[in-house]
Each structure stands twice: as C-alpha cells, then as structure tokens.
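Just below is one structure, and these are the notes that go with it.
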Amino acid sequence: MKQWYQRRVRGLFFVLLPQHHPSLHMGSTTQIVDLSSLPTTADGKPIIPPISLNSNCPYSILKRNAIVKGVLGLGLVLFEDCYYCFADEEAMDEFISNPKQILDGVLDKVNNEVGLMDRIMGVEQSEVQDETISETSSSKCDGGTQTDTHPVPAYKDPTYTWNEWEMRRKAVKLIDLRNKATHSTQTTKSNFRRDAQTQIYVPKANETQTGINKGTSVPKKVNYVGGIRGDPQKTKKLNVVKLELDL
C-alpha cells in the first residue's frame, strides 16, 4: 500500500499540475497573474487555466494542516509552468518568498500521510480502494456451480475395454478355469459344532400388601343450655341438656 502511494505521489506534481497557459510568459521565477490579464470568452468571462493541487492552497496544506480552496479573486501565482491559488494574501506572500520550499514540503507531507493526496484531489475512499486492489492484487469475482437435482446416470459398461491384449488375457483366464476343480477340507473339531439354543423363564411379578389402616373416633359431647330466654310465668328454670354425638 505504501509503495503504491509513493508511486502515485511521484507523479502528483506532473499529472495533477497542468501545463502553462499559452498566452503568458513562462519562466522559473514566481509571477503573479491577474485575472484581468487572462484571455476572455465571447461573453467577457476570463478563461481560467488549470490550477495545480485541485485549486487548493499549498501553504494551508503545509503550514495549517488544512485543505482550503484558493480564492481566485486574489489572482494566481505562476511558478515553474504551474498555477497556484491561495486562501488569503498571507499565504500568497509566504509562497512567493520561498515557493520551492513550500512545494517540497507539500510533496514530503503527501508521501508520509497516506490518503492525503486523495483528499486533496477529492477522490472518494471507495475509488481509492478499487484502484489499490487493481494495482496490488489480482482481480477476483464471485463464482458458483450448480448441479442437477436428479442427474442422468451414465450408461457406461464397466467391463468394456478397447485393448485387444486385455481381451485376450480375459479369454485365457476363462479357458484356464475349465481345468480347475473346487476342493473343500473339514477339520477334526468342526464336525462337533452345532447350533445351540437356551430358553429362560421370566421371573414372575411379586407384590406385597401392607397392613390395613385402622382408626377410632371418640364420641363428641355437646352441652346445650335451655331456658335462657326466660319464662314469664317463672314455672321453668334453666336446665342443661347433655348430648353425646357419635360421628
């Protein structure tokens, strides 16, 4: 993976940094290009040349650890046949003072940080993974096999042979069997062997009965008091009626 990114990074400032605009003077020094000096279209709009680093500010990438789009209103800076735009005037001034050092720092940072180049160019992570797989490993695809539920049996004769010498060998073998005889031998103790059978009686089921449960009940004695309501004539007195109930 790291080698693949290094291979891509080596060509970053050649593939991603475009060719110079044909209407401007080229040179190795830094030159500020105003948008008003650029050629215009039929409706008066300036023709913006291709900008390096996907129009991102190189100073912000190196010093501020941020990927910031450049502001075209500040103008472009031409250095070594490539155009750059910046987020603010401070970034533009710092780049103009030492462009070579800033670009080398951006290149080293892209080399050391995996995925930074793709974020600068706005490449999705899925596209990077697909390209990585295509360059670092062989292509793979899903495969499957299907068998018949009820395959037709093969009509193949196992005794078939096309070899003439094999057929001659089988014929000689059959002819040789005609001169053979079957012999059998009985040992001394084998004649005493016989089938033996044994019958057993299944034990009967035995049961045991325990003693009978017995119990007694005591008669219930109840006393009732009569004449509690009283007798107006006072001819009867309170009496106790004793009952014995045998339940």
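The values are calculated or read from the model by the stated rules, or taken from the named source; none is laboratory data. What you see is a predicted model; the values in this text were computed from it and never measured. When we count neighbours, we look across all protein chains shown, and the Cβ atoms used for this are built from the backbone with ideal geometry, even at glycine.
Checking each residue in segment 69-117 for being surrounded by fewer than 22 Cβ atoms within 10 Å (Cβ to Cβ), in contact with a helix residue (DSSP H, G or I) (Cβ under 7 Å, 6 or more places away or on another chain) and part of a loop (DSSP other than H, G, I, E, B) picks out GLY75, ALA87, VAL114. Of everything in segment 44-62 that is out of contact with any Leu (no Cβ under 9 Å at 6 or more places or on another chain) and surrounded by fewer than 16 Cβ atoms within 10 Å (Cβ to Cβ), the residue that is nearest to LEU116 (Cα to Cα) is LYS45.
This table checks each residue for (1) of a type outside the set (Gly, Ala, Ser); (2) out of contact with any helix residue (DSSP H, G or I) (no Cβ under 6 Å at 6 or more places or on another chain); (3) in a loop (DSSP other than H, G, I, E, B).
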{"position": "ASN206", "(1), (2), (3)": "yes, yes, yes"}
{"position": "GLY211", "(1), (2), (3)": "no, yes, yes"}
{"position": "LYS214", "(1), (2), (3)": "yes, yes, yes"}
{"position": "LYS221", "(1), (2), (3)": "yes, yes, no"}
{"position": "ILE228", "(1), (2), (3)": "yes, yes, yes"}
{"position": "GLN233", "(1), (2), (3)": "yes, yes, yes"}
{"position": "LYS236", "(1), (2), (3)": "yes, yes, yes"}
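Annotation: of all residues in segment 129-165 being surrounded by 10 or more Cβ atoms within 10 Å (Cβ to Cβ) and more than 23 Å from the chain's Cα centre (by Cα), the one that is modelled with the lowest pLDDT is GLU135.
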